[in-house]
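What follows is a set of notes on a single structure, which appears directly below.
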Ligand code: FAD
């Protein structure tokens, strides 16, 4: 189902927007406004992170509920973190009752959820648990890393463990963000050669703030190519120029990905409307439906 270069996005390409749970009342109100604005773009679903950046697990459930009440499809992110199994089971049951049928299953980072844990539960272990307890109810998304997870021993071992997640029952994958488009295509082909046959949807990070982007990228092992760093540095405090350059550069990245047959795009919205909407408009994605 690969596209020839120059063709429009695949008919069945899927688009999703990620939120993190707000930490304040004001943040929660703002997020519901952003959700309303982004819902107008008719994404296939929203997703809500879990325990990331010190946010609470309750925050994920509450945000998921709020989005669900507005009638959108939403995929909660989930990891074992330090939770006892019965808590995870109760959460899964709650989601099933809410009519939720998609999850993003992760190992998570430490500190995840409420704090330090004695050992990591790898994502494949969580998937096995979800499949064992809830059968085929959920469409399970997993994370993958075109530039390779920072804790991996090698390119091969990261593929090996990615494949384990597919064998455990993952249905599709969302990538960590990247700016090197070739890293994605090389990774996709390497996955295919390794027998990983699920859709691999690029995760897209809009650029709005250079300091934040540097911090995230250092943590998650996403490379900011030198020319982009130089460009962003040269804008200093000129936020408008940073956003304009970011929108143009990320639009071009998305175009190449869709032309090259990427099965959709997942946007890390950072709980903001404008950066995503700008790229969306540039890509002329409103016409897809
Ligand atoms: P895994 O797939 O378990 O892999 C983790 C590392 O261990 C890799 O290096 C892998 O090669 C290796 N490995 C995997 N399985 C095994 C095994 N069985 N034995 C030995 N080694 C193994 N973080 C959050 O805290 N909350 C979120 O909501 C969140 N959402 C995310 C969404 C996306 C799309 C992405 C790309 C990342 C997200 N993250 C989130 C970050 C993620 O939790 C981290 O990248 C984390 O370090 C790895 O999670 P994983 O599920 O990919 O781990």
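The values are calculated or read from the model by the stated rules, or taken from the named source; none is laboratory data. Remember, it's a predicted structure, so these values are computed and weren't measured experimentally. No Cβ is skipped: glycine too gets one built from the backbone with ideal geometry, and neighbour counts run over all protein chains shown.
Confirm whether residue 209 is surrounded by fewer than 13 Cβ atoms within 10 Å (Cβ to Cβ), more than 16 Å from the chain's Cα centre (by Cα) and modelled with pLDDT under 95. Taking the combined requirement at face value, the residue does not satisfy it. On inspection, residue 67 passes the criterion of being assigned to a helix (DSSP H, G or I), within 16 Å of the ligand (Cβ to nearest atom), closer than 19 Å to residue 269 by Cβ and touching a residue at least 12 places away in the same chain (Cβ under 8 Å). For segment 218-228, name all the residues that are without any contact (Cβ under 8 Å) to a residue 12 or more places away in the chain and either in contact with a strand residue (DSSP E or B) (Cβ under 6 Å, 6 or more places away or on another chain) or more than 16 Å from the ligand (Cβ to nearest atom) (or both). Selection gives 226, 227. Within segment 147-177, the residues that satisfy the criterion of being under 24 Å from residue 207 (Cβ atoms), near the ligand (Cβ under 10 Å from one of its atoms) and surrounded by 14 or more Cβ atoms within 10 Å (Cβ to Cβ) are 148, 149, 173, 174, 175, 176, 177. Any residue in segment 238-248 that is under 18 Å from residue 15 (Cα atoms), out of contact with any strand residue (DSSP E or B) (no Cβ under 7 Å at 6 or more places or on another chain), without any contact (Cβ under 8 Å) to a residue 60 or more places away in the chain and assigned to a helix (DSSP H, G or I)? The answer is yes; a qualifying residue exists. Screening residue 268 against (1) farther than 23 Å from residue 126 by Cβ; (2) under 17 Å from the mean Cα position of the chain (by Cα) leaves a single unmet condition, (1).
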